[in-house]
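Everything below concerns the one structure shown next.
The values are calculated or read from the model by the stated rules, or taken from the named source; none is laboratory data. Fair warning: this is a prediction, and the values are worked out from it, not measured in the lab. Every residue, glycine among them, receives a Cβ derived from its backbone with ideal geometry; neighbour counts consider all protein chains shown.
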Amino acid sequence: MLLSATVIICIIIAIIANHGVKGIEEKSVKGFYLIFIGFIIQLTIFNRQFTSSKLANLMPSLYIISLFILMLFLVLNLKYNGIKIALAGFLLNVATIVANKGYMPQDTDKLAAMGEFDKINMLNKFGTYYNGITMSARTHLNFLGDIIAPTFLKPYGSVYSIGDIFILIGICIFIFEFLKFEKNQEEIDEEDFIEG
């Protein structure tokens, strides 16, 4: 919720700062459809109907596949500085999730600090909950797991990883890059002529 709200705020500020969305006309993004494919897979697997089905054991593998699809989108658009930063965060998350066989380690103490007791109950009961796994000595790369609890944002925030922070910063920078209107030389000359 907080991440989505932050992105929306960035979009609004970028539009205001650039006096509209005219900058989009001169920008291009490759493989945009990959975003939809990746998120459709995640929407399909991260629900109770799927987790209670006979295909539930495929969830970790399908999750990793969806992440690589999304990562391909980032790789195709590295001309944007924001995408480069987002990719760095994405790689941190993917490395952690792959190291833990499709799950992201989550610190239950930090979840408690954010008031996410339902998630804690599910993790304590099953050991895993959707893409999360209880952080312990048996999980790997715990320092890259969900360990950041911004309690001052409670109850709107959650627990985040270092990779999540990089991804959020990268996305916000990309939004400003994508919406930025670049004046061409003719427009600059015209303005100089009018002012002169």
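Numbers for the structure displayed
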{"quantity": "Residue list for segment 36-88, restricted to those being in contact (Cβ under 8 Å) with a residue 40 or more places away in the chain, touching a Lys or Arg at 6+ places or on another chain (Cβ under 9 Å) and either farther than 18 Å from ASN131 by Cβ or of a type in the set (Lys, Arg) (or both)", "calculated": "PHE73, LEU76, ASN77, TYR80"}
{"quantity": "Condition check for ILE97: in a helix (DSSP H, G or I), surrounded by 15 or more Cβ atoms within 10 Å (Cβ to Cβ), free of Cβ contacts under 8 Å to residues at least 40 places away in the same chain and under 18 Å from the mean Cα position of the chain (by Cα)", "calculated": "yes"}
{"quantity": "Residue within segment 130-145 that is closer than 30 Å to SER28 by Cα and polar (S, T, N, Q) present", "calculated": "no"}
{"quantity": "Failed criterion for ASN57 (all others in (1) in a loop (DSSP other than H, G, I, E, B); (2) exposed (fewer than 13 other Cβ atoms within 10 Å of the Cβ) hold)", "calculated": "(1)"}
{"quantity": "Within segment 1-51, helices (runs of 4 or more DSSP H) holding 3 or more residues that are under 20 Å from the mean Cα position of the chain (by Cα) and under 19 Å from ILE169 (Cβ atoms)", "calculated": "2-17"}
{"quantity": "Subset of segment 176-196 [within 17 Å of GLY23 (Cα to Cα) and either of a type in the set (D, E, K, R) or modelled with pLDDT of 95 or more (or both)]", "calculated": "GLU177, LYS180, GLU182, LYS183, GLU186, GLU187"}
{"quantity": "Filtered residues of segment 117-143 (kept if surrounded by 21 or more Cβ atoms within 10 Å (Cβ to Cβ) and more than 18 Å from SER61 (Cβ to Cβ))", "calculated": "MET135"}
{"quantity": "Neighbours by Cβ (under 7 Å, 6+ apart or cross-chain): first from segment 102-118, free of Cβ contacts under 8 Å to residues at least 40 places away in the same chain and farther than 21 Å from LEU91 by Cβ; second of a type outside the set (A, V, I, L, M, F, W, C) and crowded, with 18+ Cβ neighbours inside 10 Å", "calculated": "THR108/THR134"}
